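Peer 1: Before anything else, here's the structure in question.
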Amino acid sequence: MTTFEERAGLSDLSATADQVRRSVESVIEGKPEVVRLSLTVLLAEGHLLLEDVPGVGKTMLAKALARSIDCSVHRIQFTPDLLPSDITGVSIYDQRRQEFEFKPGAVFAQIVIGDEINRASPKTQSALLESMEERQVTADGATHALPDPFMVIATQNPVEMEGTYPLPEAQRDRFMARVSLGYPSPEAELRMLESHGGHSPLDTLRPVAHAHDILKLIEAVREVHVSDAVRRYAVALTHATRSHPELRLGASPRATLHLLRAAKATAALAGREFVLPDDLQALAVPVLAHRLLPTAQAQLSRRSTEHLVTEIVHVTPVPEPSPQQPRRGR
C-alpha cells in the first residue's frame with residue numbers, strides 16, 4: 001500500500017510543513033495549536049481571522065507565518081480613514097499615453113496582513129470581499145487576477161473595544177477560521193522575555209519554504225480522500241446550526257465547504273490520506289463559531305457561539321460508513 005506522500009508525489013510534505021511550523025513557533029511561544037491551525041488554513045486555501053485583546057501577539061503571528069515563506073507580503077493598517085481604493089487599487093490617467101492605467105493596491109500580494117481590520121469602516125472592510133472569495137479585483141470594468149497562493153491574515157480586537165466596527169456577516173463568512181491566541185502561560189511569557197527582550201525574533205527569521213512549495217502542498221491536500229460518511233457528517237453539523245433554537249443565523253454552505261477543506265489539510269499534516277470525523281470535530285469551533293449569530297435569549301444567558309457549536313458536536317451522531325464506499329478516490 002502506498003503512503004499519502006508517495007501517492008501525492010510529495011515525500012517531503014511533512015518535512016516542509018514542519019519547517020514552517022517550527023519557524024513560526026520560534027517567534028510565538030507556547031501556542032502550538034494556534035500555529036498548527038494557521039498552517040492548516042494556509043494549506044486549505046483559506047483566510048485566517050485572529051481575534052483577541054491587544055498585545056497578545058496577533059500581528060506577530062501573522063508576520064512570522066508570512067516571513068517563513070518566500071513570497072510577496074503586503075501589510076495593511078486598517079484605520080477609520082482608509083479608503084477601499086487603498087486596498088484594491090485605483091486607475092490613474094497617464095497623460096503621456098493618454099489612457100488610464102491601473103495601479104494595484106496592497107491586496108496584490110500572496111500573503112496580505114490586515115492589521116486591526118475592524119477599525120476601518122464597513123465600506124472599506126467590504127473592499128476585500130471579492131478578493132477573498134474570487135481571488136481577483138474588478139476595477140473600472142476590468143478584472144485583475146491575484147497571485148497564487150493567496151491568503152489574507154487579518155487581526156481584530158474584540159468588538160467591545162473602543163473604536164471598532166463589527167465585521168459584516170458576509171465578511172466573517174469569508175474567513176475559513178477564527179482563532180484567539182489568549183494570554184501565554186507564565187513559563188511561555190518568561191521565555192518570551194528572554195528571546196524578545198533585546199531584539200525582535202522577526203529580525204532574524206528567514207524563509208524556510210518557497211511559494212511553489214506551498215502550491216505543491218496545496219495540491220496534495222486537494223487529493224486527500226473524503227468518504228461519503230464524512231461528507232454527510234459535515235453537512236449534519238452545519239445543518240444543526242441552522243435549526244438550533246439559540247441561533248438566529250446558522251452556518252452557510254460556504255462554511256460546510258471550508259470545514260471539509262480544513263479537515264483535508266489537517267489529515268494531510270497528520271500524514272493521513274483520508275479525513276476522519278475527529279478532524280471535523282476538532283475544527284468545528286474555529287471554522288463555524290465566528291459565522292453564527294446567537295439569539296437575544298442566548299446572549300442574555302451568556303451562551304457563546306463557541307459553547308453552542310461544542311454542544312452541537314456532542315449531540316450530532318456520526319453517520320455510519322457505507323459498505324459500498326470505495327477506500328480511495330476523490
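The values are calculated or read from the model by the stated rules, or taken from the named source; none is laboratory data. Please read all numbers here as calculations on a predicted model, not as lab measurements. Note that we place each Cβ from the backbone using ideal geometry, even for glycine, and neighbour counts take in every protein chain shown. With ligands, DNA and RNA removed, areas are computed over all heavy atoms of the protein, side chains included. Shrake-Rupley method; radii C 1.70, N 1.55, O 1.52, S 1.80 Å.
Peer 1: Can you name every residue in region 294-312 that is among the β-branched types (Val, Ile, Thr) and not in a helix (DSSP H, G or I)?
Peer 2: Correct list: Thr295 only.
Peer 1: Within the group Ala284, Ala296, Ala289, which residue is open to solvent by less than 10 Å² (accessible area, probe 1.4 Å) and either over 21 Å from the mean Cα position of the chain (by Cα) or within 18 Å of Ala170 (Cα to Cα) (or both)?
Peer 2: Within the list Ala284, Ala296, Ala289, the selection yields Ala289.
Peer 1: Oh, and also: Does region 73-117 hold any residues that are farther than 19 Å from Leu49 by Cα, surrounded by 14 or more Cβ atoms within 10 Å (Cβ to Cβ) and among the polar types (S, T, N, Q), and which are they?
Peer 2: Of everything in region 73-117, those that are farther than 19 Å from Leu49 by Cα, surrounded by 14 or more Cβ atoms within 10 Å (Cβ to Cβ) and among the polar types (S, T, N, Q) turn out to be Ser85, Thr88, Ser91.
Peer 1: Another question, then. All but one of (1) open to solvent by less than 30 Å² (accessible area, probe 1.4 Å); (2) under 30 Å from Leu65 (Cα atoms) hold for Gly250, so report the exception by its number.
Peer 2: The number of the failed condition is (2).
Peer 1: Sticking with this one: Go through (1) in a loop (DSSP other than H, G, I, E, B); (2) at pLDDT below 90 for Gly46 and report which single condition fails.
Peer 2: (2)
Peer 1: In contact with a Ser or Thr (Cβ under 8 Å, 6 or more places away or on another chain) and open to solvent by 30 Å² or more (accessible area, probe 1.4 Å), is that true of Pro277?
Peer 2: no
Peer 1: Name the one entry in Asp70, Asp94, Asp81, Asp86 that is of a type in the set (D, E, K, R) and touching an Asp or Glu at 6+ places or on another chain (Cβ under 7 Å).
Peer 2: Going through Asp70, Asp94, Asp81, Asp86 in turn, the sole match is Asp94.
Peer 1: Only residues that are free of Cβ contacts under 8 Å to residues at least 12 places away in the same chain and closer than 23 Å to Arg232 by Cβ: list them for region 279-314, please.
Peer 2: Glu311, His314
Peer 1: Hey, another quick one. In this structure, does Asp70 turn out to be touching a strand residue (DSSP E or B) at 6+ places or on another chain (Cβ under 7 Å) and either modelled with pLDDT under 85 or not aromatic (Phe, Trp, Tyr) (or both)?
Peer 2: Answer is yes for this residue.
Peer 1: Restricting to region 187-222, what's the tally of residues that are modelled with pLDDT of 80 or more and among the hydroxyl-bearing types (Ser, Thr, Tyr)?
Peer 2: Adding up the residues that qualify gives 1.
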